[in-house]
């Protein structure tokens, strides 16, 4: 299979949406370990899978004055790299669909196509499923850990009133804030400096993307767009 061949995915059995509700700790959106991003260096090797397009897509970039390090492609399984595929979801164009079991997010486009992204999802006990809308979007958002998270991790006390946006921020370069019936679900689609956690269950509830991918999604998704989050399987 070549790097950009799409997988033929059935529409059957895609998504089972669980009960609607929010876990208060979801807004934490942090992993079990705090990244030491300052120690990372841009990846300058040949790149995984030998495709220069991936190296360009996930290379170092400067965004609003922040330097986003290149992704070391050797640390991200190939299936979780961004690509256009045949839409497996059946959702209306403009919808974001997150399959938490497969660790994929889809932005549904016209003509039966979708942009697919690899994501990281919440650890057991920190997940959320349901239907929501993008109430608003932020560039390099402030991260405010909930009190419950600070109780578990007292070293986060210094951020009780918020951690300014930046490369060390757990929300990464962009965040899309999900509301349901006008109320905040405390659930976010957001970037992450910890690109090596894509494809895992390592967050405190939110859906994390590589920074390069959340920027791409942010530019595609308008305010008010519908979002579906649930567990599904391809058959």
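Would you mind stating whether residue 75 is free of Cβ contacts under 8 Å to residues at least 60 places away in the same chain, over 15 Å from the mean Cα position of the chain (by Cα) and surrounded by fewer than 19 Cβ atoms within 10 Å (Cβ to Cβ)? Outline the logic, then answer.
Values: free of Cβ contacts under 8 Å to residues at least 60 places away in the same chain: no; over 15 Å from the mean Cα position of the chain (by Cα): yes; surrounded by fewer than 19 Cβ atoms within 10 Å (Cβ to Cβ): yes.
For residue 75, the condition - free of Cβ contacts under 8 Å to residues at least 60 places away in the same chain, over 15 Å from the mean Cα position of the chain (by Cα) and surrounded by fewer than 19 Cβ atoms within 10 Å (Cβ to Cβ) - is not met.
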Checklist entry - Which pairs do you get when a residue that is at negative phi and part of a helix (DSSP H, G or I), found in the range 43-65, comes within reach of a residue that is at pLDDT below 95 and surrounded by fewer than 19 Cβ atoms within 10 Å (Cβ to Cβ), reach meaning Cβ atoms under 6 angstrom, with the pair 6+ apart or on two chains? => result 48/74
Item to check | the range 185-206, subset at pLDDT 95 or above and part of a strand (DSSP E or B), residue farthest from residue 133 (Cα to Cα) | outcome: 191
Checklist entry - Do you know which residues across the range 71-88 are assigned to a loop (DSSP other than H, G, I, E, B), closer than 21 Å to residue 190 by Cβ and in contact with a strand residue (DSSP E or B) (Cβ under 8 Å, 6 or more places away or on another chain)? => result 71, 76, 77, 81, 82
Checklist entry - Is at least one residue of the range 94-107 over 30 Å from residue 184 (Cα atoms) and at pLDDT 95 or above? => result no
Checklist entry - Quick one: is residue 209 in a strand (DSSP E or B), at pLDDT 95 or above, surrounded by fewer than 20 Cβ atoms within 10 Å (Cβ to Cβ) and in contact with a strand residue (DSSP E or B) (Cβ under 9 Å, 6 or more places away or on another chain)? => result no
Checklist entry - Pairs under 8 Å by beta carbon, first residue touching a residue at least 60 places away in the same chain (Cβ under 8 Å) and at positive phi in the range 99-110, partner crowded, with 22+ Cβ neighbours inside 10 Å and in a strand (DSSP E or B), six or more apart or different chains? => result 103/118; 103/120; 103/121
Checklist entry - If we keep just the residues of the range 164-184 that are touching a residue at least 24 places away in the same chain (Cβ under 8 Å) and outside any loop (DSSP other than H, G, I, E, B), which is farthest from residue 63 (Cα to Cα)? => result 180
Item to check | Complete set of residues in the range 112-143 that are more than 21 Å from residue 96 (Cα to Cα) and part of a strand (DSSP E or B) | outcome: 143
Next on the checklist: Quick check on residue 86: is it buried (at least 18 other Cβ atoms within 10 Å of the Cβ), at pLDDT 90 or above and within 22 Å of residue 215 (Cα to Cα)?
Outcome noted: no
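Out of 168, 163, I need the residue that is touching a helix residue (DSSP H, G or I) at 6+ places or on another chain (Cβ under 9 Å) and over 22 Å from residue 75 (Cα atoms). Which one? Before you say what the answer is, go through the steps one by one.
Details: 168 fails: over 22 Å from residue 75 (Cα atoms).
Only one candidate qualifies: 163.
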Checklist entry - Of everything in the range 144-163 that's free of Cβ contacts under 8 Å to residues at least 24 places away in the same chain and part of a loop (DSSP other than H, G, I, E, B), which residue is surrounded by the fewest Cβ atoms within 10 Å (Cβ to Cβ)? => result 161
Checklist entry - Taking the condition touching a strand residue (DSSP E or B) at 6+ places or on another chain (Cβ under 8 Å), surrounded by fewer than 16 Cβ atoms within 10 Å (Cβ to Cβ) and at pLDDT below 95, does residue 129 pass? => result no
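The values are calculated or read from the model by the stated rules, or taken from the named source; none is laboratory data. Predicted model, so just to flag it, every value in this text is computed and none were measured. With ideal geometry, Cβ positions are generated from the backbone for all residues, glycine too; neighbour counts draw on all protein chains shown.
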